[in-house]
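Values in this text are rule-based calculations from the coordinates and carry no lab data. Because the structure is a prediction, the values reported are computed rather than measured. Heads up, the Cβs are rebuilt from the backbone with ideal geometry, glycines too, and the neighbour counts pull from every protein chain shown.
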Amino acid sequence: METKQFKAESKRLLDLMINSIYTHREIFLRELISNASDAIDKIYYKSLTDDSLTFDKDNYYIRVDFDKDKRIIKITDTGIGMNKDELEENLGVIAKSGSLQFKKDNESQDNHDIIGQFGVGFYSAFLVAKKVTVISKALGSDKAYKWESCGAEGYTIEETEKDSVGTEIILTVKDNTEEENYDEYLGEYRLKEIIKKYSDFIRYPIKMECTERKLKEGSKDEYEDYKELKTINSMVPIWRKNKNELKDEDYDNFYADKHYGFDKPLSHVHISVDGMVSYNAILYIPEQTPYDFYTKEYKKGLELYSNGVMIMNKCEELLPDYFSFVKGIVDSQDLSLNISREILQHDRQLKLIAKNIKSKIKSELERMLKNDRDKYEKFYKAFGRNLKYGIYSEYGSNRDVLEDLLMFYSSKEDKLVTLAEYLERMKEDQKYIYYAAGESLDRLKKLPQTEMLLDKGYEILYFTEDIDEFAIKMLMKYKEKEFKSVSSNDLGIEKEEDKDLSEEDKKENDKLFEEMKNVLGDKVKAVRASKRLKNYPVCLANDGELSIEMEKVLNAMPN
Ligand code: ADP
Ligand code: MG
């Protein structure tokens, strides 16, 4: 039996790793299971080119056992195993990935399913274990070896007995301390939960002895417990399945299973991209606004997987703020499993995926708008405000993505219309896109300022939400047509109208207007005659850029 030292840097790296890369202790199981899955994959890929090897999927599995009294957790796999050199190379040198090497050596093959490539995952075992024992027999070898380590001090390797090819990883779980309780990992329920959470879509069965309950023989009301070896993971993720095999119901069920919401999604997009970056995704447009959606508590994000293994619950980087309502999952083999939050923010692949996802969501919303107007309006009532905030908060820089998705009520129809629809039926002599902002549709319909425009047959958009006008101010134009508030001093038609007002008319009223201005004082800037009115004697107009409604909102804001 030989005792060897870890390579010098390894000690520090090990410490660093254990304490900083992983924020959740429970991921040790995810890492060890993905290594086991990689090891089985390797046999599979070898069998593709090696005729002496046959791969019968039923013979390959991963198994998790635990013994509460002995304080051990055991992860067994029927994978390719490691010989003595490989144990030293792969487990004795931190940040050395045998899996990455395997991928390089077998470049020509379609082996991109292998997850590992960083060479640190294995050491996460020390997050919960005080001692790690690895017993392994490599494919094609008749000897088995035992590797053992208690952490940074080093490791031992010795020959041992093992019947079948594969690897057994035995963790001796740490003792509880004042601060930390490790007992939770020695329980059936908790282990099952972790497997489900992170490794549900590992392609090979992950088996565990589960406690089941049945009626005692011959009894009608007495139960007894028994153990049964069960497969915990569901194996084939829905996003890897072919779209044609799936029904709307399957997508709806997945949405519910994942607790994305209690509603039924309005629509889903199933994406499989192979190219600059490869990924699969299922995205949902929810029907209802989550109760906390317009609060600070709401966290946007998509679930992120690296090749079937969960990395993150809510990856914010995948969604722009204006699409924060989208739910769903992204799985990419181009992302490393051991990636940290900080690295992720700068990850080029992730940025590419995010960009791609943004355009997919946009197309889906446009598709809904075009083909399923009712649904789109439902969506818009729930999340339209978020799109308008998007335009406002990013200074209209995202107009290309959002402007065609906007809708407003209009004087023409008692329903929401798009800007494109407005433009299409604009009068020939009409210069602007007119809008009126106010508290409610009822009030807006009675607004004196609109009379003349409506008389000319111009359509007016009705803005009833505070954000509407602010967003429009950021857009400024839609396809070269400027927006104009009906309370604006210059409606772009007034010049000719003003001319009709004779000098005498103006003079005649001068005294009256002066008197009115005196009475109103600072409340108005000026009192003028106008031909804008027909049935109403008077209306308010604004002089500068800000409409009266906007001024109201700004004045109401806390300083
Ligand atoms: P990674 O998985 O990123 O390569 P790990 O630290 O998780 O890094 O594992 C290091 C290496 O150890 C792997 O690349 C693999 O070669 C080897 N290894 C780990 N676990 C197993 C296993 N169960 N069976 C065979 N080889 C393994
Ligand atoms: Mg690994």
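Rounded to the nearest 20, the size of the Cβ-charge dipole of the chain about its Cα centre is 360 debye, with Lys and Arg at +1 and Asp and Glu at -1. In the range 425-471 the Cα-Cα distances spread across 10 Å bins starting at 0 as 26, 51, 22, 0 percent of all pairs.
Applying a 10 Å radius around every beta-carbon, put 244-250, 418-424 in order of their mean neighbour count, most first.
Descending mean neighbour count gives 418-424, 244-250.
Assuming charge only on the beta carbon of Lys and Arg (+1) and of Asp and Glu (-1), the dipole of the range 364-415 about its Cα centre is about 180 debye to the nearest 20. Neighbours of residue 213, meaning other residues whose beta-carbon lies under 9 angstrom from its beta-carbon, give a summed charge of -2 when Lys and Arg score +1 and Asp and Glu score -1. For the peptides 429-442, 321-334, the ranking by packing is 321-334, 429-442, with the highest mean count of neighbouring Cβ atoms within 10 Å listed first. Once the C-beta distance of residue 85 and residue 179 is scaled by a Förster radius of 45 Å, the resulting FRET efficiency is 0.70 to the nearest 0.05.
Here the gap between residue 552 and residue 196, fully extended at 0.36 nm per residue and compared with their Cα-Cα distance, gives a gain of 122.9 nm. With the cut-off at under 16 Å, measuring from each backbone N in the range 215-255 to a point 7 Å along the Cα-to-Cβ line of residue 363 picks out 243. Please give the helix 27-49 orientation as an angle from the longest Cα principal axis of the chain, in degrees from 0 to 90, rounded to the nearest 10. Once rounded, the angle reads 70 degrees.
With both labels modelled 7 Å from their Cα along Cα-to-Cβ, the residue 100 to residue 489 distance reads 6.8 nm.
Which whole-number percent of Cα pairs in the chain have a distance greater than 42 Å? It works out to 43 percent of all Cα pairs.
Which one, 33, 139, 291, projects farthest toward the positive side of the charge dipole computed for the chain from Cβ point charges (K/R +1, D/E -1)? So the residue we want is 291. Site pair residue 415 and residue 153 shows an inter-label distance of 7.6 nm when each label is modelled 7 Å from Cα along Cα→Cβ. How about residue 431: which lysines have a C-alpha closer than 22 Å to its C-alpha, ignoring those fewer than 8 places off in the same chain? By straight Cα distance, residue 431 reaches 412, 445, 456, 473, 477, 479, 481, 484, 495, 499, 531, 534. Computed about its Cα centre, the charge dipole of the range 430-471 is approximately 240 debye, with only Lys, Arg, Asp and Glu carrying charge at their Cβ. Taking the average, over residues, of other Cβ atoms within 10 Å as the packing measure, peptides 366-379, 172-185 rank 366-379, 172-185 from highest down. Here's the picture: charge each Lys and Arg Cβ at +1 and each Asp and Glu Cβ at -1 in the chain, and of 448, 187, 271 the one pushed furthest to the positive end of that dipole is 448.
Report, in degrees rounded to the nearest 10, the 0 to 90 angle that the Cα long axis of helix 503-520 makes with the longest principal axis of the chain. So the inclination is approximately 60 degrees. With the simple spin-label model, which puts each label point 7 Å out from Cα in the Cβ direction, the residue 214 to residue 245 separation comes to 3.1 nm.
Remark: the residue 258-residue 294 segment gains 10.8 nm on full extension, using 0.36 nm per residue and subtracting the alpha carbon distance.
Please give the net charge around residue 227, taking every other residue with its beta carbon less than 9 angstrom from that of residue 227, where Lys and Arg add +1 and Asp and Glu add -1.
Once positives and negatives cancel, what remains is -4.
For the range 292-336, the residues whose backbone nitrogen is under 16 Å from a point 7 Å from the Cα of residue 375, taken along Cα to Cβ, are 326-327.
For the range 186-340, count all C-alpha to C-alpha pairs, find those more than 21 Å apart, and express that count as a whole percent of the total. I get 55 percent for the Cα pairs in the range 186-340 exceeding 21 Å.
Relative to the longest principal axis of the Cα atoms of the chain, the long axis of helix 373-393 lies at roughly 90 degrees.
The length gained on full extension between residue 394 and residue 429, counted as 0.36 nm times the residue separation minus their Cα-Cα distance, comes to 9.3 nm.
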